[in-house]
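S.K.: Encoded as structure tokens, here's the structure I'll be asking about.
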Amino acid sequence: MSRVKQTTLSDFRDSIVKTGGYVSNPDVLTPEPRKKGRWTTFGFTMSVFFVFPYCAVREFFRSLTTELWALCCFKAHQKAERYGIKVTADGWENRNGYKGPVVYLSNHMSTLETIMLPPVLLTYGPFNVFVKASLSRLPALKRAAAHMGLIPLGRKSPREDLLQVFKEGVARIKEGHSILIFPQGARERVFSRKLYSSIGAKLAEKAGVPVMPIAVKTDCEPTRPGGKGWLKDFGPVDPSKDIRLRCGPPITGTAKEMHQKVFDWIKAQLDEWGLPTEG
């Protein structure tokens, strides 16, 4: 029996644009998801994090492009399906119906969404994402940061961060780039109001563009309790849990109104999926 051909990045994008969504082909998924365990965690995690040093090497030889970055990220999508992890993207008809740059606001469960989202978002044009300055200085990211759309954020103080987001964000939006912000600031298993910043909504108001909420479910690779730095990302992989990427409708209004509406929308999706929320 011949093996079913895996979804390509082109096929994935065609599905997103034409139908507003994507669901893993059952024939592509491993019939029996791999069992939880250290080797499953090691194999899947290494395949995901290989994206960064690979891109760094390509940049060293001046051969890295934004499209190659998207393709590398999509390898994580393919690897997830090979491990039996179902991938679902829906609600993207909302993005198909709006032309122009936006500020994407997403919850932040694990590092996995930073790899899973670029192939989707780059379908709609260039985008940038604010990251901790320390991340952009890592050898595997420093040279490739521009192609990955990374904008380092000092995180010295809330006021300085806000001014930097306004300066850099508005400039990129004027160039036609969308901006991705994780208002929680750090990877958190629980989506909580007290950890949810309004900085993204304030940027959207300042730039005069709508916000688009994104709800992600990436608990198949949760952060490791008590882990620090990159060690947090090596939590136990559970292939029986699916990955979901859902886009909501564009939201306009004052920063306060957008902030509240986005939080409520994301919380409603996570509640629907049975994930922990507060507030």
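The values are calculated or read from the model by the stated rules, or taken from the named source; none is laboratory data. Computed from a predicted structure; not experimentally measured. Every residue, glycine as well, gets a Cβ built from its backbone with ideal geometry; the counts of neighbours run over all protein chains shown.
S.K.: Report whether or not Ala80 is in contact with a helix residue (DSSP H, G or I) (Cβ under 7 Å, 6 or more places away or on another chain), at pLDDT below 95 and not acidic (Asp, Glu). Even if it seems obvious, please write down each step before you answer.
M.R.: Numbers: in contact with a helix residue (DSSP H, G or I) (Cβ under 7 Å, 6 or more places away or on another chain): no; at pLDDT below 95: yes; not acidic (Asp, Glu): yes.
So Ala80 fails the test.
S.K.: Any chance you could count how many residues in segment 196-217 are over 18 Å from the mean Cα position of the chain (by Cα) and either among the acidic types (Asp, Glu) or surrounded by fewer than 20 Cβ atoms within 10 Å (Cβ to Cβ) (or both)?
M.R.: First, pick out the residues of segment 196-217 that are over 18 Å from the mean Cα position of the chain (by Cα): 198, 202-210.
Next cut, either among the acidic types (Asp, Glu) or surrounded by fewer than 20 Cβ atoms within 10 Å (Cβ to Cβ) (or both) only: 198, 205-208, 210.
Looking only at that region, the number is 6.
S.K.: Then there is this: Of the residues that sit in segment 18-41 and are among the β-branched types (Val, Ile, Thr) and at pLDDT 80 or above, which one is surrounded by the most Cβ atoms within 10 Å (Cβ to Cβ)?
M.R.: So in segment 18-41, the residues among the β-branched types (Val, Ile, Thr) come out as 19, 23, 28, 30, 40-41.
Those left that are additionally at pLDDT 80 or above: 19, 23, 28.
Values: Thr19: 14, Val23: 13, Val28: 17.
Residue satisfying both the conditions and the ranking: Val28.
S.K.: Checking Pro249 against (1) assigned to a helix (DSSP H, G or I); (2) surrounded by 13 or more Cβ atoms within 10 Å (Cβ to Cβ), only one condition comes out false. Which one?
M.R.: Pro249 satisfies all of (1) assigned to a helix (DSSP H, G or I); (2) surrounded by 13 or more Cβ atoms within 10 Å (Cβ to Cβ) except (1).
S.K.: Which ones in segment 252-279 are surrounded by 15 or more Cβ atoms within 10 Å (Cβ to Cβ) and aliphatic (A, V, I, L, M)?
M.R.: Ala255, Met258, Val262, Ile266, Leu270, Leu275
S.K.: Starting from residues that are of a type in the set (Ser, Thr, Tyr) and farther than 25 Å from Gln184 by Cα, keep the ones in segment 83-122 and report whichever is modelled with the highest pLDDT. Outline the logic, then answer.
M.R.: Within segment 83-122, the first condition is being of a type in the set (Ser, Thr, Tyr), and the residues that meet it are 83, 88, 98, 104, 106, 110-111, 114.
Adding the requirement that they be farther than 25 Å from Gln184 by Cα leaves 83, 98.
Values: Tyr83: 83, Tyr98: 94.
The extreme case among them is Tyr98.
S.K.: Taking only segment 176-215 into account, find how many residues are acidic (Asp, Glu), under 17 Å from Pro276 (Cβ atoms) and outside any loop (DSSP other than H, G, I, E, B). Even if it seems obvious, please write down each step before you answer.
M.R.: Residues of segment 176-215 that are acidic (Asp, Glu), as a first pass: 188, 205.
Those still in the list that are under 17 Å from Pro276 (Cβ atoms) too: 188.
If we keep only those that are outside any loop (DSSP other than H, G, I, E, B) too, we end up with none.
Residues in segment 176-215 being acidic (Asp, Glu), under 17 Å from Pro276 (Cβ atoms) and outside any loop (DSSP other than H, G, I, E, B): 0 in total.
S.K.: If I filter segment 161-170 for residues that are among the polar types (S, T, N, Q), crowded, with 17+ Cβ neighbours inside 10 Å and not in a loop (DSSP other than H, G, I, E, B), do I get at least one hit?
M.R.: Here is the first cut: in segment 161-170, the residues among the polar types (S, T, N, Q) are 164.
Filter once more, keeping what is crowded, with 17+ Cβ neighbours inside 10 Å: 164.
From the residues that got through so far, the ones that are not in a loop (DSSP other than H, G, I, E, B) too are 164.
So far as segment 161-170 goes, yes, one or more of its residues are among the polar types (S, T, N, Q), crowded, with 17+ Cβ neighbours inside 10 Å and not in a loop (DSSP other than H, G, I, E, B).
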